[in-house]
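Below: one structure, written as C-alpha cells.
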C-alpha cells in the first residue's frame, strides 16, 4: 500500500513542478514471488494438505489484490514498459535528464531490494542520479554491506534518505546526505482528499476508530488496545487487513482495500491505532489522534525517526494496557512539519535544476 501511495505522491509532485515524469515499471522475480498464487506461508511448506488449504484461502484474495493494484497503476501511474531484470534495463538504454530512486526500504541490506543494483540505478549511463527518501530499514551496516553501498552510490549527484539513522549510514560511507520527508507529505491534505473522494466505504461505519495492522504476527496485541480506546470513546472498530485472525464479530472488517480506500478511511476516522509507517504518516497528514503500538522497546527505525523528528515519540508504546488518548496539538507541530517539508521541496528543486552531471 505504502509503495503505491508514495510513488503516486512523488510523481504528482514532480508533475506539479512542470516535469515530464515516467515511473520505471521494474518487476524482478523476487517481487513476483511475493504475490504469486503458488507462494505459501512457511508453516505449510512441508505439508501438501496445508498448502492446498492455504492456497484455497489465499488465491481469491491475491487475485483481487493484484487486480486492484494493477488497476491503480494503469489509472494513476505513468509507467514505462515492464522490465524484469537489470540486463533488460541496461539493454533498454533509458534516456532522461534525471533519474530518481526511492523511497521506502529500497536499500535495506537484508532484503532483495537492497542487494539489487537496479535499486541504485546501476543501469543509468547518462543523466543525473538522485536518491529521494531512500530507506535502509536498519540502524547499522556490516563492513561488507557498507562496501557494497559505497560502490553503488559513488556517482549519485544528490543523496537523501528518510531516517536520521540513514543519514548517519551514508555519511559514514563518505558521502553528503540530507534527511527528507516521505513523498506522501509532498501532497497537501486537500489533494489527498480529492484523490480519495470516490471511496465511500467509511459511510457505513458511523463514528469509528481505525486499526491498520502491518506485518503483525500477533494481531490480538494491537486489537486489544484499539478496542479499549474505542470503548472509552464510544467508537466502532474498523480494521483494514488481509486476515480475519483476531477480528471479532463486533468489529467491521475491510478486506482488499484500494489505495483510495486506505486514505479515505484514515481521513474519516476519529482515531487511528497502527504499527504501520504509512498509517502513521497519513494520521499526521489528516491531523488525527493516533497511537502506534508495538512489541519492541522502540518502534522500527522508520516510525521512530518520524515521531522524533516532529516531537511525537510519546505516541508509541509497547504496553497494550497503556491507553494513550491525550490530544495532539497540531498547531504546535505545524512549524516543524512546514520546516522539513520546505527542506524536502528545496532538495528536489535543487536536484532538478542543477546543471552538474556525473
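Rule-based calculations on the coordinates, nothing more; no lab input. Here the structure is a predicted model, which is why all the values come from computation and not from measurement. For neighbour counting, all protein chains shown are included, and Cβ atoms are generated from backbone atoms with ideal geometry for every residue, glycine included.
Ranking request for peptides 253-259, 170-176: highest mean number of other beta-carbon atoms within 10 Å first, then the rest in descending order.
Highest mean packing first, the order is 253-259, 170-176.
Working from Cα positions, state the angle (0 to 90°, nearest 10) between the long axis of helix 2-16 and the longest principal axis of the chain.
Helix 2-16 sits roughly 50 degrees off the main axis of the chain.
Treat segment 164-208 as a sphere of radius equal to its Kirkwood radius over Cα pairs and apply Stokes-Einstein at 37 °C in a medium of 0.692 mPa s; give the translational diffusion coefficient in µm²/s, rounded to a whole number.
The Stokes-Einstein estimate is 233 µm²/s.
Translational diffusion coefficient, Stokes-Einstein: compute it for the chain using the Kirkwood radius over C-alpha pairs as Rh, at 4 °C and 1.567 mPa s, and state it as an integer in µm² s⁻¹.
The diffusion coefficient I find is 60 µm²/s.
Would you please put 81-90, 300-309, 120-129 in order of how densely packed they are, using the mean number of other Cβ atoms within 10 angstrom per residue and starting with the highest?
Top to bottom by mean Cβ count within 10 Å: 300-309, 120-129, 81-90.
Stretched out fully, how many nm does the piece from residue 91 to residue 270 gain, at 0.36 nm a residue minus the Cα gap?
Between residue 91 and residue 270, full extension yields an extra 59.4 nm.
Over all pairs of distinct alpha carbons, what does the Kirkwood formula give as the hydrodynamic radius of segment 193-254, in Å?
Taking every pair of different Cα atoms in segment 193-254, averaging 1/r and inverting gives 12.4 Å.
Using a simple spin-label model with points 7 Å from Cα along the Cα→Cβ vector, what separation in nm is obtained for residue 75 and residue 111?
Here the modelled spin labels are 2.5 nm apart.
Could you tell me the extents of segment 64-178's C-alpha atoms along the three principal axes, largest first, rounded to whole Å?
Principal extents (Cα only, largest first): 41, 34, 23 Å.
Under the rule of -39500 (n - 2.57) per DSSP H run of 4 or more residues, summed and divided by the residues of the chain, what mean residue ellipticity at 222 nm is obtained, to the nearest 500 deg cm²/dmol?
-13500 deg cm²/dmol
Against the longest principal axis of the chain, how steep is helix 330-353, in degrees 0 to 90 to the nearest 10, with axes from Cα atoms?
With both axes taken from Cα atoms, the answer is about 30 degrees.
Quick one: Cα centre-to-centre distance for segment 94-142 and segment 146-187, in angstrom?
9 Å
Sort 211, 140, 291 so that the residue with the fewest other Cβ atoms within 10 Å of its own Cβ comes first and the one with the most comes last.
By the 10 Å Cβ count, ascending, the order reads 140, 291, 211.
Working from Cα positions, state the angle (0 to 90°, nearest 10) between the long axis of helix 48-76 and the longest principal axis of the chain.
Once rounded, the angle reads 60 degrees.
Once you put a point 7 Å from the Cα of residue 220 and another 7 Å from the Cα of residue 150, both along the Cβ direction, what distance in nm separates them?
4.9 nm
So how do 94, 342 line up by other beta-carbon neighbours within 10 Å, fewest first?
Lowest count first: 342, 94.
Can you give the convex hull volume of the alpha carbon atoms of segment 79-145 per residue, in Å³?
So the per-residue Cα hull volume is 105 Å³.
To one decimal place, what Kirkwood hydrodynamic radius in Å is obtained for segment 249-315 from all pairs of distinct Cα atoms?
Hydrodynamic radius (Kirkwood, Cα pairs) of segment 249-315 is 12.8 Å.
Which FRET efficiency value, to the nearest 0.05, do you get for residue 178 and residue 19 by plugging their Cβ-Cβ distance into 1/(1 + (r/R0)^6) with R0 = 30 Å?
E between residue 178 and residue 19, to the nearest 0.05, is 0.90.
Which whole number in µm²/s is D for segment 279-358 by Stokes-Einstein, with the Kirkwood Rh taken over Cα pairs at 4 °C and 1.567 mPa s?
After rounding, the answer is 89 µm²/s.
Kindly provide the Kirkwood hydrodynamic radius of segment 215-348 in Å, to one decimal, from all pairs of distinct alpha carbon atoms.
By the Kirkwood definition, the hydrodynamic radius is 15.7 Å.
How many angstrom lie between the C-alpha centres of segment 273-331 and segment 226-241?
Going from one Cα centre to the other spans 16 Å.
May I have the extent of the alpha carbons of segment 140-195 along their three principal axes, as whole Å values ordered from largest to smallest?
46, 22, 15
Take the chain, connect every pair of alpha-carbon atoms lying under 10 Å apart with a spring to form a Gaussian network, then pick out the residue of 190, 104, 251 with the largest mean-square fluctuation.
190
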